[in-house]
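Before any comments, here is the structure.
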Amino acid sequence: MITYPKAPKIQELGYELKVRQAMNRNLITVEPRTSMSKLRGVLRSNRISGVPVTRENKLLGVICVEDLVNWLMSGAKDCAIEEKMSKDVVTLCADEPLVHAINKLQQYGFFHFPVLERESGELLGTITREDIIRKLLQKLEIEYREEEIRRYRASHIFEDIMADKTSLIFQYYIVGQDFNRAGESSSALKKSLKRLGTHPDIARRVAIAVYEAEMNVVIYARGGEITVKVDPNQIRIEVEDSGPGIPDIEKAMRPGYSTAPEWVRELGFGAGMGLNNIKKCADEMNITSTVGKGTRLEIYVATKKESVSYEVK
Amino acid sequence: MNLGKIRQILRAEVIVGSSPDREIEVCCACDLMSEVLSCVPTGSSCLLLTNLAHSQTIRTAEIAEIPVICFVRGRKPESQNIKLAKKNGLVLLSTYFSLYEASGRLYKEGMPGCSGSRVS
């Protein structure tokens, strides 16, 4: 019996991949009129335990080792395979998700299933536990490699560049009032930090702080800019906008204080928690603002020794 | 509690993603995204129950690393937001129960909240 791995990733792949992608197309079949005495040779030379019986690509049944043994034991005279085959065959369609194949293997305890084209009913191939495992591993390996390569390339930047001090600076532009696109910069920043080898918890903290800051720009300003400076010890984020400015920063920092319009509140923001959330996520936060000109927010997050890619003093 | 059981308790429909064996440790029922960002514990496998089915709910889940969102009162996000969720590997569910009913059902079955409290 296949032990169904309790791994969410494998399950996801099980739904994503189709039977067609994993099945074995190397079809070995027998004709219904083939004699039972020839079956042994077919099974043995192909090292298989069962074989589909077909006529013009149409599946008529399956004949397996057990049928052969039963026939031999009964001592009956030679006959055509179609007389001994199982006609009630459990099949899979090529467009079914792979997880159906896994479930059916578990449910019936068979070693293989014939795979049919849904529309025409034509026999396309067979699928076994081995085929499924091979396809899953192959897919996992490809995905793992792709992300590894990206991460490897990025995480070595700090070691590869020879200088007394190395920092990486990148920028994001925020479009004001565009609620649908809000968060794109934070999302991109988070992915980039992870590729740079930043510890996931730190990347999450930075992302939350920047997301709140980004949301403030979207709500109050026409637009803004996020500048991120990553160096071996810390991440510094500067969010600058050309919005209306904050008249009383102390008041704005008070939890629950908000001047957000109703439409923002309906969307689940503007509850006077943003700046506090940023402060909670940052190791240090500075905010300066000029009414009528705009606001500048500085966030510092120390990348502690958990950081994989670079050493911390 | 695994996702399969949660689906059963909430009689929830899967909008995108599926992994019934995925373990969920805590649940956060909230319509205030700033609150979600601030209270979901780091590194926890959290279920978010919410009324809001717009792009920022998906973003919030992505940023705060919340693997599963269940929209209440049968709400469902627009297709572009479903795509966004899929791209980020999120599981989206939809239940006909209200936020209160859905929360109560899960809490009664032993699902803890973000503060760690659970039914005794």
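The values are calculated or read from the model by the stated rules, or taken from the named source; none is laboratory data. Note that the structure is a prediction, hence the values are computed from the model and not measured. When we count neighbours, we look across all protein chains shown, and the Cβ atoms used for this are built from the backbone with ideal geometry, even at glycine.
What the table below lists for this structure:
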| read-out | value |
| --- | --- |
| Residue among A:2, A:48 that is modelled with pLDDT under 90, among the hydrophobic types (A, V, I, L, M, F, W, C) and not assigned by TED's automatic domain parsing to the domain that holds residue A:100 | A:2 |
| Matching residues, the stretch B:18-38, being buried (at least 18 other Cβ atoms within 10 Å of the Cβ) and more than 7 Å from chain A (Cβ to nearest Cβ) | B:24, B:26, B:27, B:28, B:29, B:30, B:36 |
| Any hit, the stretch A:194-205, residues being touching a Cys at 6+ places or on another chain (Cβ under 8 Å), assigned to a helix (DSSP H, G or I) and either within 14 Å of chain B (Cβ to nearest Cβ) or buried (at least 16 other Cβ atoms within 10 Å of the Cβ) (or both) | yes |
| Considering residues of the stretch B:39-77 that are within 8 Å of another protein chain (Cβ to nearest Cβ) and hydrophobic (A, V, I, L, M, F, W, C) only, the residue nearest to residue B:115 (Cα to Cα) | B:64 |
| Some residue of the stretch A:23-41 being closer than 25 Å to residue A:137 by Cβ, under 25 Å from the mean Cα position of the chain (by Cα) and touching a residue at least 24 places away in the same chain (Cβ under 8 Å) | yes |
| From the options B:46, B:39, B:70, residue that is closer than 18 Å to residue A:204 by Cα, in contact with a strand residue (DSSP E or B) (Cβ under 6 Å, 6 or more places away or on another chain) and touching a residue at least 60 places away in the same chain (Cβ under 8 Å) | B:46 |
| Conditions (1) of a type in the set (Asp, Glu); (2) crowded, with 16+ Cβ neighbours inside 10 Å; (3) not assigned by TED's automatic domain parsing to the domain that holds residue A:24; number of the one not met by residue A:67 | (3) |
| Filtered residues of the stretch A:179-212 (kept if at pLDDT below 90 and in contact with a Gly (Cβ under 9 Å, 6 or more places away or on another chain)) | A:200, A:201 |
| Options A:169, A:127: the member that is of a type in the set (A, V, I, L, M) and either free of Cβ contacts under 8 Å to residues at least 40 places away in the same chain or crowded, with 17+ Cβ neighbours inside 10 Å (or both) | A:127 |
| Residue under evaluation residue B:31, criteria (1) free of Cβ contacts under 8 Å to residues at least 60 places away in the same chain; (2) within 25 Å of residue A:272 (Cα to Cα), criterion not met | (1) |
| Residues of the stretch A:172-193 satisfying the condition of being facing chain B (nearest Cβ under 8 Å) and in contact (Cβ under 8 Å) with a residue 60 or more places away in the chain | A:179 |
| For residue A:143: the one exception among (1) in a helix (DSSP H, G or I); (2) surrounded by 14 or more Cβ atoms within 10 Å (Cβ to Cβ); (3) of a type in the set (Asp, Glu) | (2) |
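Matching residues to (1) under 16 Å from residue A:15 (Cα atoms); (2) surrounded by fewer than 16 Cβ atoms within 10 Å (Cβ to Cβ); (3) β-branched (Val, Ile, Thr):
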site	(1), (2), (3)
A:71	no, no, no
A:77	no, yes, no
A:81	no, no, yes
A:84	no, no, no
A:88	no, yes, no
A:94	yes, no, no
A:97	yes, no, no
A:106	no, yes, no
A:110	no, no, no
